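Novice: Could you have a look at this structure, given as structure tokens, before my questions?
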Amino acid sequence: MSGGVERNTRTIEESVVTEFSDRMSYSGYLDLETLLASQHPLSSPEHHDELLFIIQHQTTELWLKLVLHELSGACRCLREDQLAPALKCIARVKHIQRTLTEQWSVLATLTPAEYGQFRGVLGNASGFQSAQYRAVEFTLGNKNAGMLRVFSADPAARELVRSSLEAPSLYDEFLRLLAREGYAIPDEVLERDVTLAWTYVPELVSVFAGIYADPQKHWAAYETCEELVDLEDNFQLWRFRHLKTVERIIGFKTGTGGSSGVPFLQKALELTFFPELFAVRTEIPG
């Protein structure tokens with residue numbers, strides 16, 4: 001069977017490139033030598049499951065890097081009144097969020113006994129110290145200047161968190177766009193201190209109620225509102241899966257970073273990004 005599959009072996013086509021001494025290769029483009037050499041288990045003798053723990057968190061950081069890239073793009077597009085490409089960025093973030101949430105199921109295969117055998121090598125290392133995660137939260141509006149202290153020993157991480165603290169959030173940029181399009185966004189919202197966490201603004205609910213009352217007339221704004229609701233829904237699902245995975249593995253032990261553990265994570269479920277977009281649902285007839 002020429003050029004096909006014979007004896008369960010696929011013939012390599014003549015046109016396939018196999019010599020890479022002077023060509024860009026897959027490994028070279030992705031810098032796999034560096035990437036695959038970046039896992040350094042500290043347990044001695046090396047515990048079989050420590051590699052899982054490291055890769056789980058490293059891949060999360062890679063996805064968070066892309067989330068930040070897309071959210072930055074979305075904010076930029078909103079500032080430039082380019083709603084369609086902003087929504088494309090947000091749509092990509094939503095898919096990444098689903099991947100991140102499902103990824104907890106891999107870590108959940110780590111049993112309490114297995115984790116306990118190498119947990120000590122983490123010292124005080126904790127996901128709470130993820131600068132990229134904090135920057136994502138800040139970009140979505142849940143800001144806390146006190147978090148800068150966590151990154152005082154890492155100038156690059158501190159700068160990432162500081163810049164996201166001081167920049168308008170995705171919600172700020174959306175509301176500013178609505179104002180430019182003639183929606184009655186209160187001045188105090190447009191002129192607010194963007195370094196502070198977003199808090200509920202009752203006056204915005206009536207603005208959104210008008211949008212939801214006639215979706216066809218306000219389709220672009222309506223669609224964006226629903227995309228933002230998806231973002232928050234997905235983020236809360238990620239937080240919940242995080243909490244339940246931690247509870248499954250360490251129960252109610254304190255966290256390696258010094259937090260109370262599960263009770264501290266539970267409080268994160270009370271944090272919100274776009275409260276008016278949920279409050280408006282109570283005002284919609286039907």
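Novice: Scan segment 81-111 residue by residue and report those that are in a helix (DSSP H, G or I) and aliphatic (A, V, I, L, M).
Specialist: The first filter runs over segment 81-111 and keeps only residues in a helix (DSSP H, G or I), leaving 83-107.
The answer is 83, 84, 86, 87, 90, 91, 93, 96, 100, 106, 107.
Novice: Only one residue in 263, 285 is of a type outside the set (D, E, K, R) and either open to solvent by 70 Å² or more (accessible area, probe 1.4 Å) or not in a helix (DSSP H, G or I) (or both). Which one?
Specialist: Checking each option against the conditions leaves just 285.
Novice: May I pose another question? Out of all the residues in segment 39-64, which are open to solvent by 60 Å² or more (accessible area, probe 1.4 Å) and farther than 19 Å from residue 130 by Cβ?
Specialist: Of everything in segment 39-64, those that are open to solvent by 60 Å² or more (accessible area, probe 1.4 Å) and farther than 19 Å from residue 130 by Cβ turn out to be 44, 45, 46, 48, 51.
Novice: Under 9 Å between Cβ atoms, which residue pairs at least 6 apart in sequence (or on different chains) link something in segment 201-223 that is open to solvent by less than 70 Å² (accessible area, probe 1.4 Å) with a partner that is modelled with pLDDT under 95 and outside any helix (DSSP H, G or I)?
Specialist: The qualifying pairs are 209/284; 212/284.
Novice: What's the number of the condition residue 78 fails, among (1) within 25 Å of residue 237 (Cα to Cα); (2) hydrophobic (A, V, I, L, M, F, W, C); (3) open to solvent by less than 70 Å² (accessible area, probe 1.4 Å); (4) assigned to a helix (DSSP H, G or I)?
Specialist: In the conditions (1) within 25 Å of residue 237 (Cα to Cα); (2) hydrophobic (A, V, I, L, M, F, W, C); (3) open to solvent by less than 70 Å² (accessible area, probe 1.4 Å); (4) assigned to a helix (DSSP H, G or I), residue 78 misses (1) alone.
Novice: Take residue 17 and decide whether it is open to solvent by less than 80 Å² (accessible area, probe 1.4 Å), over 25 Å from residue 109 (Cβ atoms), at pLDDT 95 or above and part of a loop (DSSP other than H, G, I, E, B).
Specialist: Values: open to solvent by less than 80 Å² (accessible area, probe 1.4 Å): yes; over 25 Å from residue 109 (Cβ atoms): yes; at pLDDT 95 or above: yes; part of a loop (DSSP other than H, G, I, E, B): yes.
Against the criterion (open to solvent by less than 80 Å² (accessible area, probe 1.4 Å), over 25 Å from residue 109 (Cβ atoms), at pLDDT 95 or above and part of a loop (DSSP other than H, G, I, E, B)), residue 17 qualifies.
Novice: Let me ask you something else. Go over the candidates 102, 166, 159 one by one and state the one that is under 15 Å from residue 63 (Cα atoms), among the acidic types (Asp, Glu) and either open to solvent by less than 40 Å² (accessible area, probe 1.4 Å) or at pLDDT 95 or above (or both).
Specialist: On the way: 166 fails: under 15 Å from residue 63 (Cα atoms); 159 fails: under 15 Å from residue 63 (Cα atoms).
Selected residue: 102, the only one of 102, 166, 159 that is under 15 Å from residue 63 (Cα atoms), among the acidic types (Asp, Glu) and either open to solvent by less than 40 Å² (accessible area, probe 1.4 Å) or at pLDDT 95 or above (or both).
Novice: Which condition breaks for residue 233 when tested against (1) open to solvent by 30 Å² or more (accessible area, probe 1.4 Å); (2) in a helix (DSSP H, G or I); (3) closer than 20 Å to residue 134 by Cβ?
Specialist: (3)
Novice: If you don't mind, there's one more thing I want to ask. Just need a number here: residues in segment 240-258 that are in a loop (DSSP other than H, G, I, E, B), hydroxyl-bearing (Ser, Thr, Tyr) and either touching a residue at least 40 places away in the same chain (Cβ under 8 Å) or surrounded by 14 or more Cβ atoms within 10 Å (Cβ to Cβ) (or both).
Specialist: 1
Novice: Next question, about the same structure. So residue 196 clears everything in (1) in contact with a Phe, Trp or Tyr (Cβ under 8 Å, 6 or more places away or on another chain); (2) touching a residue at least 40 places away in the same chain (Cβ under 8 Å); (3) open to solvent by 40 Å² or more (accessible area, probe 1.4 Å) except one condition, right? Which one?
Specialist: Result: residue 196 fails condition (1) only.
Novice: Hey, another quick one. Only one of (1) closer than 29 Å to residue 168 by Cα; (2) in contact (Cβ under 8 Å) with a residue 60 or more places away in the chain; (3) more than 18 Å from the chain's Cα centre (by Cα) fails for residue 230. Which number is that?
Specialist: For residue 230, the exception is condition (3).
The values are calculated or read from the model by the stated rules, or taken from the named source; none is laboratory data. Here the structure is a predicted model, which is why all the values come from computation and not from measurement. When we count neighbours, we look across all protein chains shown, and the Cβ atoms used for this are built from the backbone with ideal geometry, even at glycine. Each accessible area value is taken on the protein alone, full model and side chains, heavy atoms only, with ligands, DNA and RNA left out. Shrake-Rupley method; radii C 1.70, N 1.55, O 1.52, S 1.80 Å.
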